[in-house]
1. Any residue at all in the range 3-16 that is of a type in the set (Ser, Thr, Tyr), modelled with pLDDT under 95 and touching a Lys or Arg at 6+ places or on another chain (Cβ under 7 Å)?
2. Give me the pairs, please: first residue somewhere in the range 1-15 and over 27 Å from residue 49 (Cβ atoms), second residue anywhere and modelled with pLDDT of 90 or more, beta-carbon distance under 7 Å, and either six or more positions apart or on two chains.
3. So which residues in the range 1-33 are under 23 Å from residue 71 (Cβ atoms) and either outside any helix (DSSP H, G or I) or not assigned by TED's automatic domain parsing to the domain that holds residue 129 (or both)?
4. Does the range 238-275 hold any residues that are hydroxyl-bearing (Ser, Thr, Tyr), under 23 Å from the mean Cα position of the chain (by Cα) and part of a loop (DSSP other than H, G, I, E, B), and which are they?
5. Between 146, 172, which is under 18 Å from residue 49 (Cα atoms), polar (S, T, N, Q) and free of Cβ contacts under 8 Å to residues at least 60 places away in the same chain?
6. Answer yes if at least one residue in the range 64-74 is in the same structural domain as residue 24 (by TED's automatic domain parsing), assigned to a strand (DSSP E or B) and crowded, with 16+ Cβ neighbours inside 10 Å, and no otherwise.
7. Answer yes or no: is there a residue in the range 253-264 that is polar (S, T, N, Q) and crowded, with 17+ Cβ neighbours inside 10 Å.
8. What do you reckon, is residue 78 touching a Cys at 6+ places or on another chain (Cβ under 7 Å) and at pLDDT below 95?
Amino acid sequence: MDAFFSTRDTPAPERSRRWQDMVSATYFPLDLRFRRPDTFSGQLVRWKLGQVSLSRLTADALLYRRTAQHLACEREEQYLVTVPGLSDVGFLQGGRDIRCPPGGFLIERGHEPYEFSHGEANDLWVLKVPGDALLGRLRMPERYCSLTFGADSGAGGLFADLLRLLPGRLPSMTADERSQVGRHLVDLLIMAVAGDERALTSGGTTVRAAHLARVEAYIRAHLGTRDLRPDDIAAACGISLRYLHDLFRGTGETLSEWIRSQRLFACRDALGNPADRRSIAEIAYDWGFGDQAQLSRHFRARFGETPSDYRSRRSMAAR
C-alpha cells in the first residue's frame, strides 16, 4: 500500500479532523459531516497506479460535500468512480439525486459541487481518474455522472472484481506494471459505460446519438489510417457526407478537429506508457500523422509541451 490511515489509534477529539484531512489529500478538498464525530471509526488505504489511484474506505455513516468554494483553486479535472460494498450510497449532483446500492457503481465529477453520503457503515472502493484520461476516449464524460451502472456482470462486473483483486497483487508489481494496470482499469471503465443509452441520449435524439457513437467508434478503430477521409467514414457508417459533418455541429469540434484530437490523445497515451519503446516518429506515423514535426506542432498547441518533454516528464513521475 502507498498510504494508510486508521482512526483506531487517533484520540477521539481529533478523529473527524484527521479523517477530513486524509480524505481531502487523497481525492480533493471536501467538507464532511459526521453523525458521531467523537466515536467515528474509519480506515483508508490508497495505491498509486500511474495517473490513476485506487483506494478503499471503510467508514461509519458520513456526508461528503463538494462546494463551489472548493472549485475556486482547482485546475485539473478529476473523476471518482465509487463501488459501494456494504450499504447504499446517496449522490446529488447537477440537480439529479440518485441512490447506488452494492452491486452497482457511480461516477462523481470533481469539477462540480455535489453531496455524497451513506447512512450506515460502508466499504467503498474508489478509483480516482484524471479528466484527461477520459476526455480523449469518452465524449463529454460528465454525461455519465449521476447515473448508476451495474457492477455485478459484464464489463462493469469485471471492473469491480479487478478493483478488489488488485491490492493482493500490487506489492510484487513494478511502477511500470502498475501504470499499465491503471490504464487497463480505465479501459474497462469506458467499456462498461460508453454504450449506455441514458448518457448517449442526453442532449440529443436517440437516433442522432447512436449515429454519432457509431461514427466515433469507427474513427477510433481506424485512427492509424493517415488518409482517413470523410467520405470513406460516411460510407462505412451508412450515412451521407453532409449528415456526417452535421453530426459534429454542436459538439465543439469539427470532424477533422475531432480526428486530430483523438490522434493526439492516442499519441500522448503511448508517450506516457513506459513499456512503449517506439520512437516519437514511429508513434506519430502509427497514429496517422505524416511525420514527427506535424505531431510536435499539434501536440504543443494542444498540451502546451513537446512530445519529448511530455515523455520525459511522465517517465520521471513513474519512478
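1. Within the range 3-16 (the criterion being of a type in the set (Ser, Thr, Tyr), modelled with pLDDT under 95 and touching a Lys or Arg at 6+ places or on another chain (Cβ under 7 Å)), the answer is yes, since at least one residue qualifies.
2. Within 7 Å, the pairs are 10/18; 15/7; 15/40.
3. Residues satisfying the conditions are 27, 28, 29, 30, 31, 32, 33.
4. Hit for the range 238-275 is 251, nothing else.
5. So the residue among 146, 172 that is under 18 Å from residue 49 (Cα atoms), polar (S, T, N, Q) and free of Cβ contacts under 8 Å to residues at least 60 places away in the same chain is 172.
6. Checked the range 64-74: at least one residue is in the same structural domain as residue 24 (by TED's automatic domain parsing), assigned to a strand (DSSP E or B) and crowded, with 16+ Cβ neighbours inside 10 Å.
7. Yes.
8. Criteria not met by residue 78.
The values are calculated or read from the model by the stated rules, or taken from the named source; none is laboratory data. Please read all numbers here as calculations on a predicted model, not as lab measurements. Note that each Cβ is placed from the backbone with ideal geometry, even for glycine, and that neighbours are counted across all protein chains shown.
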